[in-house]
Amino acid sequence: MSVTHVYNMEFLRLMKQHNVHPFCFPAHATHCLQPADVALFRSMKHHWTTEGRKYMRQTGGKKTDKKQFYKLFQSAWKNSATVETAQSGFRQTGIFPVNRNAIPVEVFEPSKTTERRSQTVTKEGTSSTEVASYSQAVTDAEVATDLQQSMSTSDTMTASGLI
């Protein structure tokens, strides 16, 4: 496949003029190769959770209004969006400084078929457990049945005070 089919050549010329070096991430590996995902968003999630818990303790679980939401967000963002966090993201992903060993080689391997246990009812009305591959087709009826069963289990647990 020619590069012109993948990239916009005008974009590549502009990047070259400004000494910017774009590169592509391998498929299905971006979750561990994007600096913002690895460091910034992880840090933001941590600080957002911390701020939210602190607010809930202080207010006895009161809902946040828009004004309070932005105060909580601002505090979490201020603690997350730092130069150190950005540098950490590039370092952890091996982008800068370049480190080919920063990401385990297993990330780039093809995914393996996973298996799950599914319960089926036999003609005799007894239940048996089979192993079904996720690569097998699942019918809409099976999905609807699974959803109904999980919803009724959740309703039962809620009614009994388990959740």
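For the stretch 15-36, give me each residue that is assigned to a helix (DSSP H, G or I) and without any contact (Cβ under 8 Å) to a residue 12 or more places away in the chain.
Taking the stretch 15-36 and keeping what is assigned to a helix (DSSP H, G or I), we get 15-17, 30-33, 35-36.
M15, K16, Q17, T30, H31 - these are the residues of the stretch 15-36 that are assigned to a helix (DSSP H, G or I) and without any contact (Cβ under 8 Å) to a residue 12 or more places away in the chain.
Name the residue that is farthest from I103 (Cα to Cα), counting only residues in the stretch 17-36 that are of a type in the set (G, A, S) and surrounded by 10 or more Cβ atoms within 10 Å (Cβ to Cβ).
Filtering the stretch 17-36 for residues that are of a type in the set (G, A, S) and surrounded by 10 or more Cβ atoms within 10 Å (Cβ to Cβ), the one farthest from I103 (Cα to Cα) comes out as A36.
So T85 ticks every box in (1) modelled with pLDDT of 95 or more; (2) surrounded by fewer than 10 Cβ atoms within 10 Å (Cβ to Cβ) but one. Which box is left unticked?
T85 satisfies all of (1) modelled with pLDDT of 95 or more; (2) surrounded by fewer than 10 Cβ atoms within 10 Å (Cβ to Cβ) except (2).
For residues in the stretch 37-64 being charged (D, E, K, R) and outside any helix (DSSP H, G or I), which is surrounded by the most Cβ atoms within 10 Å (Cβ to Cβ)?
Taking the candidates together, the pick is K62.
Output the residues belonging to the stretch 70-113 that are part of a helix (DSSP H, G or I), under 15 Å from D37 (Cα atoms) and touching a residue at least 40 places away in the same chain (Cβ under 8 Å).
Within the stretch 70-113, S80, T85, A86, S88, G89, F90, Q92, T93 qualify.
The values are calculated or read from the model by the stated rules, or taken from the named source; none is laboratory data. On a predicted model such as this, the values are computed, not experimentally measured, just so you know. As a convention, Cβ positions derive from the backbone with ideal geometry for all residues, glycine included, and neighbour counts pool all protein chains shown.
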